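Right, one structure below, let's go through it.
The values are calculated or read from the model by the stated rules, or taken from the named source; none is laboratory data. What you see is a predicted model, and the numbers here were worked out from it, not measured in a lab. Because the Cβ atoms are built from the backbone with ideal geometry, glycine has one as well, and the counts that use them run over all protein chains shown.
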Amino acid sequence: MSVTTIQQVSAPFRRIDKAVLGIAGILAAIAAVSVPQAVDSVYFTLESLLGIAPFLLVAVGVAAYTDAAGVDRMIAQAFQGRAVLPMVALAALFGAMSPFCSCGVIPIIGALLAMGMPLPAVMAFWLASPVMDPEMFILTAGGIGTGFAVAKTFAAVGVGLFGGLAMMSLLRLGMFDNPLKGQVSCCGTSSVKGDKPVQWAFWRDEERRGRFGRTVWSNTLFLAKWLTLAFLLESVMLAYLPPEMVGQWVGGDSLFAIPLASVVGAPAYLNGYAAIPTTAALMELGMAPGAAMSFMLAGAVTSIPAAIAVYALVRRPVFFAYLAFGFIGALVSGVGYQVFTG
């Protein structure tokens, strides 16, 4: 078969959306093993999408408005020359108090980057947000202990600060320009585009109205399909990789318990709320406090479902930096907590 023929045969497959292909493949695989589980996974995915829909719509609407009105250009210019360090600190603090999970924060991140928010501040918020929120603090204090909940809150802020400050240093390398992928129209390759003035009432301009509509549609479709894939994969991991099983791998208090907890917790999804009783039980059985901390942090920030959604949104250097910051932050927090409690 000639090269031309191969290209002609493979062309239709290259046009198939990767997210849609992944959704179909996962559903087919689940159905082949268990039809009831496939139905449960569909229901889980739909419920998760409905739960995140308000945040997604608000984020998409804000991003589309700033794009159509030209506000993103004004915001980007306002940030030029400003001190980023205070913004990183505030973003980490706000992230630790915000009620977003690792997947739910994705639309917010897209909107912030589209509006020209500096990447270090966004990274700080991004890393801190899934780790802790007020409701999780209360449940963690009741299920594991107030001391652990307070430490986890400090860890959330610390991981966010670490990621934001590290990103400030790495920006000098020039690898993180235009962090968002170009396929997301509201997150174009630059927040500063064109010389048109800001028009707050953009709906009076036919061209801007059209831009707003196209941006809302393309970004809603983009985020919805990738979040669908992430939630679907989450349902599979919860069904076939329960927290109890994963917890057994990282039990004990050996020297390697904390690094192992970070390694296992990073890809393994462990819902923040479901993790509380499991982690409490493991600690009663002898799991080291530092290992428990690393496991919960790594699972919250860099789980496979979250990684898929992140990879769809940002370019590879930002994606790998996010994973590295989350893993290192979980490891260091675990060691620090172990030393503090030891």
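Every listed requirement among (1) in a helix (DSSP H, G or I); (2) crowded, with 18+ Cβ neighbours inside 10 Å; (3) not acidic (Asp, Glu) is met by Ala324 save one, (2).
Look at region 256-270: where a residue is at pLDDT 65 or above and a partner is surrounded by fewer than 19 Cβ atoms within 10 Å (Cβ to Cβ) and β-branched (Val, Ile, Thr), sitting 6+ places away or on another chain with Cβ atoms under 6 Å, you get Ile258/Val335. Annotation: Ala291 fulfils all but one of (1) buried (at least 24 other Cβ atoms within 10 Å of the Cβ); (2) closer than 30 Å to Phe222 by Cα; the unmet one is (2). Considering each residue of region 86-101 in turn, none proves to be buried (at least 22 other Cβ atoms within 10 Å of the Cβ), of a type in the set (Phe, Trp, Tyr) and part of a helix (DSSP H, G or I). Would you point out which residue out of Ser218, Ser191 is hydroxyl-bearing (Ser, Thr, Tyr), modelled with pLDDT under 85 and either farther than 30 Å from Gly51 by Cα or assigned to a loop (DSSP other than H, G, I, E, B) (or both)? Answer to the selection: Ser191. Restricted to region 307-318, and to residues there that are assigned to a helix (DSSP H, G or I) and more than 10 Å from the chain's Cα centre (by Cα), the residue that is surrounded by the fewest Cβ atoms within 10 Å (Cβ to Cβ) is Arg316. Per this entry, Val105 is not counted among residues that are under 14 Å from the mean Cα position of the chain (by Cα), closer than 26 Å to Val150 by Cα and either aromatic (Phe, Trp, Tyr) or modelled with pLDDT of 80 or more (or both). Against the list (1) over 19 Å from Val314 (Cβ atoms); (2) at pLDDT below 75; (3) assigned to a loop (DSSP other than H, G, I, E, B), the condition Met175 fails is (1).
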